[in-house]
Amino acid sequence: MQIAQQLHKSICPLPHNMYDNICKLLVEQFPTDFAAWLLGEPIPLVELSPTELSLEPIRADSLLLQSDSTILHLEFQTRPDANIPFRMLDYCLRIYRRFPNRQLSQIVIYLKPSQSSEVFLNTFELPRTRHEFDVIRLWEQPLSAFFSSPGLLPLAVLADVQDSANVLREVAAKIEQVENIDVQKNLTASTDILAGLILEKAIIRQILRTELMQDSVTYQAIIEEGRQKGHQEGRQEGRQEGRQEGAHLIVLQMLSLKLGDLPEELSSKVKRLPVSEIPALGLALNDFETFDDLGQWIASRTMNEA
């Protein structure tokens, strides 16, 4: 489905923390690869719904995987979060209540380099209560760990490396060796998005086969989740202006995927575009390589209206 068609159907912003969601999609698609890395053995794992854990709602941004004997609880974090220790204890108790006989491994994985002390927290303590969990800071991990399995390749550029662009080239070469074209597409899309945490989009576009990205399940999942949330919020709000704002936010997200974080001036210009122009922008963004390309397109549309 073309981006322009997707934008016709989409009415609200994409997921707030895109990077965390991409990592969860990777784990869901390659659970054995992640089990081998995180647990030390390729245990077959399946997703466990958080709704099975308690009578009350629980955060849905964690990922729980289970086997007959093991439960793996993962939290992917782009930014430091002082509340992580309590959340891990909360999950531990809920999981134990439901599955008291299974071994629990809890791991927080930080994606983006940070000097904050919060990315080193691995304990929650109260008087006579202490809970520990594991923490992985990707920028401290050896590169070799991520070349052992295809599902881990998109994380390689975030590892302990000196030349991220060169590592991205190695990852791209490895992905091209994957025989299944659908797997290639998913890995390319995930790598493209995660590499954006530390590399300029222009560099990423020079290295990766971007024509693979937009047809991938991973890329489409981002759009679909945003569309579904949009329908839900649209039903709740019932306001036309809410629908229009959602369309602008989606195309802004697509532009960020293509070009990187937009300058505030350009972002404001996109938001001022008539909603009728959004599908055309969605189609045109495939040809954009720089912020100047976007600025010239907006100027041409404004000139035509005048």
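The values are calculated or read from the model by the stated rules, or taken from the named source; none is laboratory data. All values derive from a computational prediction rather than experimental measurement. Every residue, glycine as well, gets a Cβ built from its backbone with ideal geometry; the counts of neighbours run over all protein chains shown. Note: accessible area is taken over every heavy atom of the protein model, side chains too, but ligands, DNA and RNA are not part of it. Shrake-Rupley method; radii C 1.70, N 1.55, O 1.52, S 1.80 Å.
How large is ³J(HN,Hα) for each residue in the range 181-194, as worked out from phi by the Karplus curve 6.51 cos²θ - 1.76 cosθ + 1.60 (θ = phi - 60°), to whole Hz, x for Gly and Pro?
5, 5, 5, 4, 4, 5, 5, 5, 5, 5, 5, 4, 6, 5
Let me check I've understood the local charge: for A195, count other residues with C-beta under 15 angstrom from its C-beta, Lys and Arg +1, Asp and Glu -1. What total comes out?
Working: positive: K112, R169, K174, K201, R205, R209, K258; negative: D163, E170, D192, E200, D261.
Counting the neighbours of A195, the net charge comes to +2.
So what are the three principal axis dimensions of the range 83-207 from its Cα atoms, in whole Å, longest to shortest?
So the three principal-axis extents are 55, 33, 22 Å.
Can you send over the solvent-accessible area of E125, 1.4 Å probe, protein chains only, in Å² to the nearest 10?
120 Å²
Which of the pairs K24/K269; K112/K269; K24/K185; K24/K112 have their Cα atoms more than 21 Å apart in this structure? Don't skip to the answer; put the middle values down first.
Working: K24/K269 33 Å; K112/K269 29 Å; K24/K185 17 Å; K24/K112 16 Å.
Correct reply: K24/K269; K112/K269.
Taking a probe of 1.4 angstrom, what is the accessible area of S300 in Å², to the nearest 10?
Its accessible surface works out to 50 Å², give or take rounding.
Within 13 Å, Cβ to Cβ, of L281, how many net charges do the neighbouring residues add up to if Lys/Arg are +1 and Asp/Glu are -1? Working shown, then result.
Values: positive: K258, K269, K271, R272, R301; negative: E277, D287, D293.
Net of charged neighbours comes to +2.
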